[in-house]
Structures are given as structure tokens and as C-alpha cells.
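The values are calculated or read from the model by the stated rules, or taken from the named source; none is laboratory data. All figures in this text were calculated on a predicted structure; none of them were measured in a lab. Methodologically, a virtual Cβ is constructed for each residue, glycine included, from the backbone with ideal geometry; neighbour enumeration extends over all protein chains shown. Accessible surface is based on the protein model in full, side chains and every heavy atom, while ligands, DNA and RNA are left aside. Shrake-Rupley method; radii C 1.70, N 1.55, O 1.52, S 1.80 Å.
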Amino acid sequence: MRSRFSAFALDRRDYLLASWHPDTRPASIEPHDTTKWVRLEILGHETQGDSDRVHFRATFRDARRWQVLEENSRFVREDGRWYYLDGTPSVTRLKPGRNDPCPCGSQRKFKSCCGR
Ligand SMILES: [Zn+2]
């Protein structure tokens, strides 16, 4: 999961496709030049044999808009390798106020962090 997040953050599309299960893998992934992933929170994690469920929340910034992607992802292990199978993503727009905690997780106020 973390390695996939890093791949998103670094726009490593080749890695994302390679770790995606062949049954559900898209033919290609569009580049997200303006998307900046800033924070990953693992909210739950459960492994049963060769299947894995991860509930996570990822905060990103697209130009000046802040959004949160929350997803329950399923992973399967085949021949010792984990693959992303599918997920139920939902995206929520954030509207941080100037005095709110910064969505990047810095513990600082938005106005004195990314909101400057
Ligand atoms: Zn910040």
C-alpha cells in the first residue's frame, strides 16, 4: 500500500500498472501532472490468507483545490506477490479555513503552512 502511494506521489505509472491485478488492470493510467499527494493515513488493515483489505485516506492537492480520497482496497497474493484488485474510492473536497489544521498533517495552521 505504501509503495503504491509512493508510486502515485512520484507518478510512477509503470509500477502502479505492474502491481495491479491483471483481471482489473486498466490499459493505461493518465498522468496527473497537477496532482500533489501530501498525506496518507491507514485507517484499517486486515489480512486473511492471500487476501488483504486496506482502508486508507489520502489527501491531495490539485492546483489550489484540496481533496481527500478515501478507499477500501482489496489486494490478492499470487505467486508470492501482492496485487491491487479493486477498491471503492470516494473523493471529498476539503475547504480548509485559515485557522484550521493544515490538511498536509503538519500540525500547523493552514494559513502558516500550505495556505500561505
Ligand atoms: Zn501544510
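Laid out as a table, the results:
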| quantity | calculated |
| --- | --- |
| Near-label residues of the stretch 70-105 by backbone N, under 16 Å of a point 7 Å along Cα→Cβ of I42 | 71-77, 82-84 |
| Cα-centre dipole for the chain with unit charges at Cβ (Lys and Arg positive, Asp and Glu negative), debye to 20 | 1020 debye |
| Under-5 Å amide H pairs with R39, H placed in peptide plane, nonlocal only | T59 |
| Per residue accessible area of the stretch 43-116, 1.4 Å probe, in Å² | 66 Å² |
| List K109, K36, ordered by accessible area with a 1.4 Å probe, largest first | K36, K109 |
| Whole-number percent relative contact order across the stretch 1-92, with pairs defined as alpha carbons under 8 Å at least 6 apart | 22 percent |
| Whole-number Å³ per residue for the convex hull built on Cα positions in the stretch 63-116 | 111 Å³ |
| DSSP-loop trypsin sites (Lys or Arg not before Pro) across the stretch 46-84, with at most 15 other Cβ within 10 angstrom | R64 |
| Under the Debye formula (equal points on every Cα, no solvent term), log10 I(q)/I(0) of the stretch 1-73 at q = 0.17, 0.25 Å⁻¹ | -0.72, -1.31 |
| At R0 = 30 Å, FRET efficiency that the Cβ-Cβ distance of D86 and S106 yields, to 0.05 | 0.40 |
| Accessible surface of the chain, 1.4 Å probe, proportion on carbon and sulfur as whole % | 45 percent |
| Directionally averaged shadow of the stretch 50-91, computed from the convex hull of its alpha-carbon atoms, nm² | 3.2 nm² |
